[in-house]
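The values are calculated or read from the model by the stated rules, or taken from the named source; none is laboratory data. The structure presented is a predicted model; accordingly, all values stated were derived computationally and were not measured. Neighbour counts run over all protein chains shown; Cβ positions are idealised from the backbone, glycine included.
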Amino acid sequence: MENTPFTYEIAKHREKRVIFIRFKRSPALIKQVKNWVGAKWSNTKKQWYVPDNQYYREKFGLDTKRLMPEESRLEIHEVNISAFNRFIETLELKAYSPNTIKTYRNEFGALLQILKEKKVEELDAERIRSYFLYCTKTLKLSENTLHSRINAVKFYFEQVLGREKMFIEIPRPKKPSILPKVISTRDIKKLFEVTTNLKHNTMLKLCYGMGLRVSEIVNLKITDVDSGAMQVLIESAKGKKDRYVNLPETLLEQLREYYRQYKPQKYLFEGQYGGQYSIRSAQQVFKDAMTKAKINKEIGIHGLRHSFATHLLENGTDIKFIQELLGHNDIKTTLRYTHVSTQSIKKIKSPLDTLE
C-alpha cells in the first residue's frame with residue numbers, strides 16, 4: 001500500500017496467527033484501526049493486531065500464498081529444499097489449481113522427508129518403485145492417496161526435470177468404484193427448513209439448485225449472476241472450464257433479499273471480515289444443517305451436487321444435458337448417476353408378480 005502510515009508483521013500471538021500493526025501513535029490512526037473488524041490491543045506486545053486471514057493480507061498488500069508450515073519445511077533436508085521450491089514454482093507456472101498444488105506439495109514433501117540427506121534427483125526407477133511398495137505395504141496408504149503421491153512424484157521427474165516417462169512399470173492400485181451419495185428430496189426439504197440463517201439457506205439452495213461444487217459456490221461473484229437471463233456463470237471451474245447454469249426461478253426473490261440484507265462487495269458470499277467465504281465454512285454450514293435436520297447420513301456438502309444430478313435424472317432430464325450442467329468432460333462420469341437413480345428400477349416387476 002502506497003504512503004501508508006502502517007507497517008505489518010505476521011506472527012503468532014496466544015497460539016493464533018495474527019498480523020501486528022505498527023504506526024506512529026495518533027488519535028486518528030487509533031480510531032481507524034479500532035474500526036477494523038477483529039482488531040485488538042495486546043497488552044504484552046503493546047501493539048494492535050488483527051487475525052491473519054485472506055481479507056487482511058489482501059487489504060494490507062501482504063503475500064497471500066499459503067506456504068507449507070515451517071515445521072514441515074524443517075523436516076526436508078537442505079539438499080532437497082531447492083528441488084522442493086522448484087517443484088512448487090513449476091506447478092504455479094503451469095497454473096495448477098490451489099488445491100492440486102497443495103496436494104502435490106504435501107505428497108512430494110512426504111518423499112523428501114523420508115529421503116533426508118539423499119538427493120531426490122539421484123533416485124532411479126527401481127528406488128522409486130521400492131518407495132511406492134513401502135507406501136502400500138508399510139504405510140498402507142489409501143488408493144486415492146497413493147494415486148496422488150505417484151502423480152506428484154511423476155510430475156517432478158517428468159515436468160520439472162524433463163525426463164522421459166519412467167514410471168510405466170509402477171503398478172497402480174485399482175480405484176474402488178464408489179457410487180455418489182445422495183440425499184432424498186424429502187430430506188433436502190427438511191435441510192432447508194431448519195436452516196433459518198438467510199445467508200446459509202441461500203448458499204445451500206444454490207448448491208443444490210444449480211449442482212455446484214463447494215469451490216464453485218464460494219468463487220461466485222455478484223457479476224456472475226444474470227437475473228435477466230436467469231443464468232449464472234461458473235467461471236474457471238474444475239479443469240479451468242467456464243460454463244453457464246440455470247438460476248432457479250423460485251430462488252430469485254430470496255437472492256435479492258439476501259443481497260439487500262448482506263450487501264456483499266465482490267463475492268456473492270463473503271466471510272465475517274469480508275472477502276471470499278471459505279470452503280471450510282461452507283462445509284460446516286452443511287454439516288450443522290444436517291445435524292439440525294437430524295439426517296443421519298455420512299455425506300458432505302458435495303452430496304447436494306450429487307442429489308441435483310440424480311433428481312434431474314429421475315425427473316426425465318437427458319443425461320447429455322446433465323453432463324453440460326455439471327461441467328463433466330467425460331459422459332462416463334455423469335453416467336454414474338444412472339446407477340444411483342432408483343426410479344426406473346422400482347418400476348421393474350419381479351417375475352413372481354407376473355405369475356397367474
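Scanning segment 135-146 for residues that are within 23 Å of the chain's Cα centre (by Cα), farther than 21 Å from Phe84 by Cβ and not in a loop (DSSP other than H, G, I, E, B) returns Glu143, Asn144. The C-beta contact set for segment 193-212 (first residue closer than 14 Å to Ala309 by Cα, second residue among the hydroxyl-bearing types (Ser, Thr, Tyr), distance under 7 angstrom, 6+ apart or interchain) comprises Tyr208/Ser307. Annotation: of all residues in segment 223-261 being basic (Lys, Arg) and within 30 Å of Ile101 (Cβ to Cβ), the one that is modelled with the highest pLDDT is Arg243.
Within segment 1-29, the set of residues being hydrophobic (A, V, I, L, M, F, W, C), within 20 Å of Gly61 (Cα to Cα) and not in a loop (DSSP other than H, G, I, E, B) comprises Ile10, Ala11, Val18, Ile19, Phe20, Ile21, Leu29. Filtered by the rule that a residue be crowded, with 21+ Cβ neighbours inside 10 Å and β-branched (Val, Ile, Thr), segment 215-228 gives Ile217, Val218.
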